[in-house]
1. Considering only residues that are among the basic types (Lys, Arg) and touching a Phe, Trp or Tyr at 6+ places or on another chain (Cβ under 9 Å), which ones fall in the range 109-145?
2. Does Pro75 satisfy being modelled with pLDDT under 90 and under 17 Å from His165 (Cβ atoms)?
3. What about Pro21, is it modelled with pLDDT of 80 or more, loosely packed, with under 10 Cβ neighbours inside 10 Å and outside the structural domain of Asp116 (by TED's automatic domain parsing)?
4. For the range 82-115, give me each residue that is more than 13 Å from Tyr144 (Cβ to Cβ) and either of a type in the set (Gly, Ala, Ser) or not assigned by TED's automatic domain parsing to the domain that holds Leu136 (or both).
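The values are calculated or read from the model by the stated rules, or taken from the named source; none is laboratory data. The shown structure was predicted, so the numbers you read here are calculated from the model rather than taken from an experiment. Here the Cβ positions follow ideal geometry from the backbone for every residue, glycine too, while neighbour counts run over all protein chains shown.
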Amino acid sequence: MAEDIEAELAAIKTLVQALEPLKSEVRTRVIDHAFKVLGIASPQVVPPAPIIPALPLLPGQPSLPVAPRAPMDGPHDILSFKEEKSPTTGAQMIAVVAYYLEHLASERQNFITADDIQKYFVQGKYPMPGSRSQALVDAKNAGYLDLIERGKYRLNSVGYNLVAHKMPKDGAAPNKPRSRAGKRPAKKGKR
């Protein structure tokens, strides 16, 4: 197995050394030809969409607002994600932030700290807990996080499933506690 890795690394080094002095378009042709010779399917690269300049407006014509494109894999900002998931407790909001950091943020990380609570609760317009460190402990005790090291927590499978599958999404109303209406009062016993 170690021999396979060494051979693979040597092949990569040889390819890079051979292609490095060539111009970009020549590199592409060489790689495409090598793929054909070796019978490897060439990866399909989607060209970027052409930029279409906006037409000038006529004098006195109001400008129309442009709706932003919806991202393909969900919200890319914590405020939209928080509104989609509608957390009802601080521990749930911490799970939402931890999920966001791991799966949706532009700079992803697989842990959450008290500093992240400060940053993302503010951005998400969610009330700040009295103690950010204690809020992390509370989220851990609620079963949503695992302790990695002091002050650093990771979203666990319970927290992941809560955010990904159980919290409201697509405009659904948050789960409300069941009312006691319709239940019979307890029978009074003989004294």
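1. Narrowing the range 109-145 to residues among the basic types (Lys, Arg): 119, 125, 132, 140.
If the condition is that a residue be among the basic types (Lys, Arg) and touching a Phe, Trp or Tyr at 6+ places or on another chain (Cβ under 9 Å), then Arg132, Lys140 are the ones that fit.
2. Working: modelled with pLDDT under 90: yes; under 17 Å from His165 (Cβ atoms): yes.
The answer is yes for Pro75.
3. Numbers: modelled with pLDDT of 80 or more: yes; loosely packed, with under 10 Cβ neighbours inside 10 Å: yes; outside the structural domain of Asp116 (by TED's automatic domain parsing): yes.
When the stated conditions are applied, Pro21 passes them.
4. Ser86, Ala105, Ser106, Ala114
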